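Contents: one structure, followed by commentary.
The values are calculated or read from the model by the stated rules, or taken from the named source; none is laboratory data. Computed from a prediction, not measured in an experiment: that's the story for all the values here. Ideal geometry is used to build each Cβ from the backbone, glycine not excepted, and the neighbour counts take in all protein chains shown.
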Amino acid sequence: MIVTTSRRMSVPSGLSDLAWSILTHFRDQIEKLGLDAGARDILEGTRLASLNSVLSLLRGMKSGEPVTEPFTSLSYTGFRMGASPREVGRIISHVDQPPQSIIDRVEDLGRFEITDLLGRIHALGCYRLPLTSSHCTGQRQLGAYYTPSGVARFIVAHALAPTLREVSRAQSLDEAMQVISSVRVLDPACGTGVFLLAAATLMRESLG
């Protein structure tokens, strides 16, 4: 059994631009609606609407169709800052899909790029998107950073190298599964969970 422990580390810079384009599109759209909502509610609505729009596009939905929202929970930042789940839900119900130019870019992405895009939308929406279009903030000021999946995979591959080698030497699937099931991964500041996802993916791939 061959264990793959490396992957192209460079993440397309266009993903951050695409995530930012989606977020700013929805934030501007929500602000233009003139809803009586707080800035933090608008920010959470922007993040969730952006995540849901990407998932709805993946499911082949056409622009303008009603979407059952797969993401509805407030982020930790939104909860801590006092965002209202009811207000956020009301905001989301008023938004439409992004323009065709953004839709085309999302539909051209591969599986790993989609995973990256969702993580970037969440991270940027939580930590970098200004409360309003007239304000500015940043990840560096908040001490918050998003690790690209390629970098996370590289780090996790080295951390799990002994385990992955043991899996590759297993004589049967049951033996390999015993090795995998003995692994415990702790990421106390997981954020978007990019390291946990990388660990789960590598262990799954090691089984062939």
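So the values come out like this:
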quantity	calculated
Test: residue in the stretch 136-146 that is modelled with pLDDT of 80 or more and surrounded by 14 or more Cβ atoms within 10 Å (Cβ to Cβ)	no
Cβ-Cβ under 6 Å pairs, at least 6 apart or on other chains, the stretch 28-49 side closer than 17 Å to Arg80 by Cα, far side hydroxyl-bearing (Ser, Thr, Tyr)	Ala39/Thr132; Asp41/Ser84
Residue list for the stretch 178-192, restricted to those being without any contact (Cβ under 8 Å) to a residue 24 or more places away in the chain, in a loop (DSSP other than H, G, I, E, B) and of a type outside the set (Ser, Thr, Tyr)	Val183, Arg184, Val185, Leu186, Asp187, Pro188, Ala189, Cys190
Lone unmet requirement of (1) surrounded by 13 or more Cβ atoms within 10 Å (Cβ to Cβ); (2) over 30 Å from Thr77 (Cα atoms) for Arg204	(1)
In the stretch 33-71, residue surrounded by the fewest Cβ atoms within 10 Å (Cβ to Cβ) [restricted to those that are basic (Lys, Arg) and at pLDDT 80 or above]	Arg40
Qualifying residue in the stretch 92-109 (condition: among the basic types (Lys, Arg), in a helix (DSSP H, G or I) and surrounded by fewer than 17 Cβ atoms within 10 Å (Cβ to Cβ))	no
Pairs where the first residue, in the stretch 12-25, is more than 13 Å from Arg105 (Cα to Cα) and part of a helix (DSSP H, G or I) and the second is acidic (Asp, Glu) and at pLDDT below 90, C-beta under 9 Å, 6+ apart	none
Failed criterion for Phe154 (all others in (1) surrounded by 20 or more Cβ atoms within 10 Å (Cβ to Cβ); (2) aromatic (Phe, Trp, Tyr); (3) at pLDDT 80 or above hold)	(1)
Near pairs, Cβ below 7 angstrom, 6+ apart or cross-chain, from the stretch 110-122 (among the basic types (Lys, Arg)) to any residue that is modelled with pLDDT of 85 or more	Arg120/Ala19
The stretch 82-101, residues that are closer than 14 Å to Thr24 by Cα, of a type outside the set (D, E, K, R) and touching a residue at least 60 places away in the same chain (Cβ under 8 Å)	Val95, Pro98, Pro99
